[in-house]
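As structure tokens, the structure follows; a few thoughts come after it.
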Amino acid sequence: MKEFKKLVKVKKILLILGIIICFTSLGFYLLLNSYLKNEDVAYLNEVDKEYVSADVEVTLLTDYFATLNESGELERFYLVFDSNDNIFVVVLDDNEFNNLKEIHEYTYNAEIEEPKSVIIKGRSKEIPAEIKNYALDYLIEMDVDVNASTIDEVIGKYYLDTTLTNDYILNQARILVIPLFLVGILFILINVIKIVKRKKVLKVITDKELSNSNHNTICHTIITKNYLINYKPKLYIIKLDEILWFYPYEARVKKKVDERSIFILTKDNIKYNVGIVHKFNEEYENAYGKLYQDLVSILPDALKGYTKENKDQINDKFKK
């Protein structure tokens, strides 16, 4: 019985891999979430690298002066002024622009009541050269004292992308994390199912059942008085008196035989491939042939071989 337990032992590699994937993906998400919540926010003119969490005070907002469509989504670039008359380049989506609509209207109509300034947040990105040139032309049209040599001093090196919010980053992370987490859960479930299936087999296959068994090590099968057990690559336990039809089966790759097995159909219309071999030397051919002949001997009432008559009988039996 100890030897049989070893043969049907379930390797825990999928279980371990699943646990690692689940903890890694979940841990990554929780760490990212914690980092974003506790990240320092700098004023845009104080940042010195890209993708830093930053904010800008908006007291005036121009129309968009340029667009960019490198990522597949249209980005609109605006100029904003803060209460200290600093000028910044920002990217706004429709929602963020609507939040600043009153400021935008006031920018072009000083006769209406001045709205309160608004702090907008996002992440820093380096201003592309073509956007910088468009900003220069727009500022010159606005009669701002600026030229090609001073544009960097006026608008800085970085713009604020307000679409890169923490919620957006977490949503993108979830797109990666959730499938990975589900894959990990799937690996764990597969391993658990195998363990449960093994326990059921061990309850049925007793020492008494194994006492006069026929073990074909090459085909990874054991035939007992009542059961056919296939333990590799998959674990099957098939009651002999439930086998309705069996025949040799070959799988080919580019017309060359890649795998041989024995196809088995049971009375409840469940299909199995057992005794799988991938080598075709004399030793393996003999073992494969012996397994088939053993089944022929112990299953006198089952249909044997792939013939038109046998196929028709099966079709008639399971015809709805």
Limited to the stretch 278-297, what total is found for residues that are aliphatic (A, V, I, L, M), under 15 Å from Tyr247 (Cα atoms) and either in contact (Cβ under 8 Å) with a residue 60 or more places away in the chain or assigned to a strand (DSSP E or B) (or both)?
-> 2
Criterion: acidic (Asp, Glu), buried (at least 16 other Cβ atoms within 10 Å of the Cβ) and closer than 21 Å to Ile151 by Cβ - qualifying residue of Asp63, Asp82 = Asp82
Answer residue from the stretch 281-320, given it is in contact with a Pro (Cβ under 9 Å, 6 or more places away or on another chain) and aromatic (Phe, Trp, Tyr) and is farthest from His215 (Cα to Cα) among those = Tyr306
Would the stretch 211-229 turn up any residue that is of a type in the set (Phe, Trp, Tyr) and closer than 22 Å to Glu283 by Cα?
-> no
Of the residues that make up the stretch 126-141, is at least one farther than 26 Å from Asn69 by Cβ and either surrounded by fewer than 16 Cβ atoms within 10 Å (Cβ to Cβ) or in contact with a Leu (Cβ under 9 Å, 6 or more places away or on another chain) (or both)?
-> no
Among the candidates Asp258, Asp241, single out the residue that is modelled with pLDDT under 95 and either surrounded by 18 or more Cβ atoms within 10 Å (Cβ to Cβ) or not in a helix (DSSP H, G or I) (or both).
-> Asp258
Answer residue from the stretch 298-312, given it is in contact (Cβ under 8 Å) with a residue 40 or more places away in the chain and assigned to a helix (DSSP H, G or I) and is nearest to Glu259 (Cα to Cα) among those = Asn310
Output for Cβ contacts, cut-off 7 Å, separation at least six or different chains, first residue among the polar types (S, T, N, Q) in the stretch 48-64, second assigned to a strand (DSSP E or B) and surrounded by 18 or more Cβ atoms within 10 Å (Cβ to Cβ), reads Ser53/Arg123; Thr59/Phe81; Thr62/Tyr78; Thr62/Leu79
Options Ile185, Ile193, Ile178: the member that is of a type in the set (Val, Ile, Thr), in contact with a Cys (Cβ under 9 Å, 6 or more places away or on another chain) and either in the same structural domain as Leu7 (by TED's automatic domain parsing) or part of a loop (DSSP other than H, G, I, E, B) (or both) | Ile185
Matching option when the condition is over 27 Å from Asp40 (Cα atoms), under 47 Å from the mean Cα position of the chain (by Cα) and at pLDDT below 95, among Glu141, Glu130, Glu111 = Glu130
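The values are calculated or read from the model by the stated rules, or taken from the named source; none is laboratory data. What you see is a predicted model; the values in this text were computed from it and never measured. Neighbour counts are summed over all protein chains in view; Cβ atoms, including those assigned to glycine, are modelled from backbone coordinates with ideal geometry.
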